[in-house]
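Participant: Okay, handing you the structure first.
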Amino acid sequence: MKVKRIKWLYRLLYIMLLTYGLSLDYASWLNQPHNEFLVYYTSQSNLLCLGMMMLLFVQTTRELLMKKESGHLLVVPQYLISIYILITCLIYNVLLGNPFSVRYWTRNSYNWIVHLAGPILFILDFFLFSKAGKLKKTTPLWIIIYPYIYVLFILVRGIMLNHTYHGHVPASYVVYPYFFLDVSHLGYSGVFLWVGILTIVFITLGYLFYAIDRLKTPKAA
């Protein structure tokens, strides 16, 4: 019961922190010509985390009130979203941002929440509180479904914007939010090369998490 209370409080605090961070992030777009909050993978992956954590919080609340274990249907979705948000953390902090700079922490009050603290806390929740042994050997292969949908969304959106503005999209639009998806500079071959590299990264991390999960099972112990 004590562990369930800790889990309940942990998830509540996470929801409060991420809601605060995402609200500030969204508000930062309100004065822009176009609110493109949802164009970014960072925003989408963090919203997936928030939605999943709300479901987990409800599950934990029911466990406390009913004093019994709930089902474990959320383990696989939480596992998948943990990889999605880990990619957000890695890409931003390795390729785009510098967590060792002062500006990283002072540029705004939500940057470190959605790119570092939020991802780490979500992943920790998976390893600390999720039921082990619910993943199959093929589960890591499911990871690429959402990233592929996101890439398709960005590419189709880019085609539509270029068609609408006859190849001269106003600078107020964020056509390609990340350099590795920028068809105008890399071409489709360059973008697909990056997609291939990231596919390997996604699946590799998926199997790494799968291996750690296996170590948590009584059988592996």
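The values are calculated or read from the model by the stated rules, or taken from the named source; none is laboratory data. Keep in mind that this is a model prediction, so the values were computed, not measured. Positions of Cβ are backbone-derived with ideal geometry, glycine not excepted, and every protein chain shown enters the neighbour counts. The area values use the complete protein model at the heavy-atom level, side chains included, leaving out ligands, DNA and RNA. Shrake-Rupley method; radii C 1.70, N 1.55, O 1.52, S 1.80 Å.
Participant: Just to check, using Stokes-Einstein with a Kirkwood Rh over alpha carbon pairs, what's the diffusion coefficient of region 1-106 at 4 °C and 1.567 mPa s in µm²/s?
Facilitator: 82
Participant: Of all the C-alpha pairs in region 88-221, what % are more than 18 Å from each other?
Facilitator: Above the 18 Å cut-off, region 88-221 has 67 percent of its Cα pairs.
Participant: Using the Cα atoms of region 77-139, I'd like the radius of gyration and the largest Cα-Cα distance, Dmax, both in angstrom.
Facilitator: 13.9, 42
Participant: Highest GNM mean-square fluctuation, the chain, Cα pairs closer than 10 Å: which of PHE153, PHE202, PHE126?
Facilitator: PHE153
Participant: How long is the gain from LYS4 to TYR207 if the chain were fully straight, where each residue apart is worth 0.36 nm and the alpha carbon distance is subtracted?
Facilitator: Going from the current span to full extension adds 70.3 nm.
Participant: Also, quick follow-up: With each pseudo-label sitting 7 Å past Cα toward Cβ, what's the TYR104-ILE149 distance in nm, one decimal?
Facilitator: Placing both labels 7 Å beyond Cα along the Cβ direction yields 3.1 nm.
Participant: Where nothing but the Cβ of Lys and Arg (+1) and of Asp and Glu (-1) is charged, how large is the charge dipole of the chain around its Cα centre, in debye to the nearest 20?
Facilitator: Charge dipole, the chain, about its Cα centre: 1160 debye, nearest 20.
Participant: Looking only at MET66, MET53, MET160, which one moves most when the chain is put into a Gaussian network model with springs between Cα atoms under 10 Å?
Facilitator: Among MET66, MET53, MET160, the largest GNM mean-square fluctuation belongs to MET66.
Participant: Quick one: with all protein chains in place, what share of the accessible area of region 110-195 is carbon or sulfur, to the nearest percent (1.4 Å probe)?
Facilitator: Result for region 110-195: 72 percent of the exposed heavy-atom area is carbon or sulfur.
Participant: How fast does region 176-217 diffuse by Stokes-Einstein, in µm²/s, taking the Kirkwood radius from C-alpha pairs at 25 °C and 0.890 mPa s?
Facilitator: Estimated diffusion coefficient is 208 µm²/s.
Participant: Further, regarding this structure: I'd like the Kirkwood hydrodynamic radius of region 60-100, using the inverse of the mean 1/r over distinct C-alpha pairs, in Å.
Facilitator: About 12.7 Å, per the Kirkwood formula over Cα pairs.
Participant: Which three semi-axes in whole Å describe the equivalent ellipsoid of region 38-81, each the square root of 5 times a Cα gyration tensor eigenvalue, listed largest first?
Facilitator: Ellipsoid half-lengths, sorted descending, are 26, 11, 4 Å.
Participant: Follow-up question, since we're still on this one. On the first, second and third principal axes, largest extent first, how far apart are the outermost C-alpha atoms of region 118-197 in Å?
Facilitator: Rounded to whole Å, the extents work out to 52, 26, 18 Å.
Participant: When the gyration tensor of region 153-204 is built from Cα positions, what are the square roots of 5 times its three eigenvalues, in whole Å, from largest to smallest?
Facilitator: Result for region 153-204: semi-axes of 24, 10, 9 Å.
Participant: Calculate how large, on average over all directions, the projected area of the Cα convex hull of region 34-166 is; give the answer in nm² to one decimal.
Facilitator: If I average the Cα hull's projected area over directions, I get 10.9 nm².
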